[in-house]
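A short worksheet on the structure shown next.
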Amino acid sequence: REALLLCEAAGFDVVIVETVGVGQSELAVADLVDVFVLLASPSGGDDLQGIKRGIMELADLVVVTKADGELANAANHAAADLRRAIHLLRPKYAGLAAETLLVSSTTGAGVTEVWQATLRIHQELRTSGQLTDLRARQAKAWLWDEIRAGLLERFRSDRSPADIAAVEAAVMAGTLAPGIGAQQLLAAG
């Protein structure tokens, strides 16, 4: 979050945030960005197996990559599958359904269309007032993330490392339920 603020303060009007893959990082990034673009590989496995549940709901735009050469046919099939899957989801924003596009970094095909779609989504969010609401929700999420981090830091500094380690070991061994262990550590303060 701080890096994004720094980039904006430095005058960058577009900041691209890239994650390492499908997982928790995407959930965190969704609370940071105005437009969430999901890149999907045409060779990601059977149908949508390569995309975890929940990530599709975050996407404002789905881009199937490597839509050229030997993978062109697979990319078209993946895009069709993704379009069907997105059609079944409730739109993330009122009046703005996610779309699926094809792109090839090798040939450059689709790059302009992806950029134009990204700008179009952002403009629609701004015009409809949904961007203001999104940024407000992002600020609230940041507040609570900071509170959680601060509470955890205070919790760890107020507890004996040996007590924490003992409860963790018991939970890992299956001799103590995680909920009971948490209650014990919380009550020990």
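The values are calculated or read from the model by the stated rules, or taken from the named source; none is laboratory data. Bear in mind the structure is a predicted one, so any value in this text is a computation, not a measurement. Neighbour counts run over all protein chains shown; Cβ positions are idealised from the backbone, glycine included. SASA here: full protein model, heavy atoms, side chains in, ligands and nucleic acids out. Shrake-Rupley method; radii C 1.70, N 1.55, O 1.52, S 1.80 Å.
For Ala117, the shell of other residues with beta-carbons less than 10 Å away shows a net charge of -2, using +1 for Lys and Arg and -1 for Asp and Glu. Across the chain, the mean sequence separation of Cα contacts (distance under 8 Å, 6 or more residues apart), normalised by length, yields a relative contact order of 16 percent. Answer with a single label: of (i) -0.74, -1.19; (ii) -0.97, -1.18; (iii) -0.83, -1.18, which was calculated as log10 I(q)/I(0) by the Debye sum over Cα atoms at q = 0.13, 0.18 Å⁻¹ from the structure in view? Given (i) -0.74, -1.19; (ii) -0.97, -1.18; (iii) -0.83, -1.18, the structure-derived one carries the label (iii).
For the chain, the solvent-accessible area works out to 66 Å² per residue, with a probe of 1.4 Å and every protein chain left in place.
Within the shell defined by Cβ-Cβ distances under 12 Å, the residues around Leu152 carry a net charge of 0, with Lys and Arg each +1 and Asp and Glu each -1.
Within the accessible surface of the stretch 35-189, defined with a 1.4 Å probe on protein heavy atoms only, the carbon and sulfur portion equals 57 percent.
When Lys and Arg each count +1 and Asp and Glu each count -1, what net charge do the other residues less than 12 Å away from Leu101, Cβ to Cβ, add up to? Charge balance in the 12 Å sphere: -1.
In a reduced charge model with +1 at each Lys and Arg Cβ and -1 at each Asp and Glu Cβ, the chain shows a dipole moment near 440 debye about its Cα centre. So how tilted is helix 161-173 from the main axis of the chain? Cα-based, degrees 0 to 90, rounded to 10. Relative to the chain, helix 161-173 is tipped by roughly 70 degrees. Entry note, the chain: the mean residue ellipticity at 222 nm calculated from DSSP H runs of n ≥ 4, each adding -39500 (n - 2.57), is -18000 deg cm²/dmol after division by the residues and rounding to the nearest 500.
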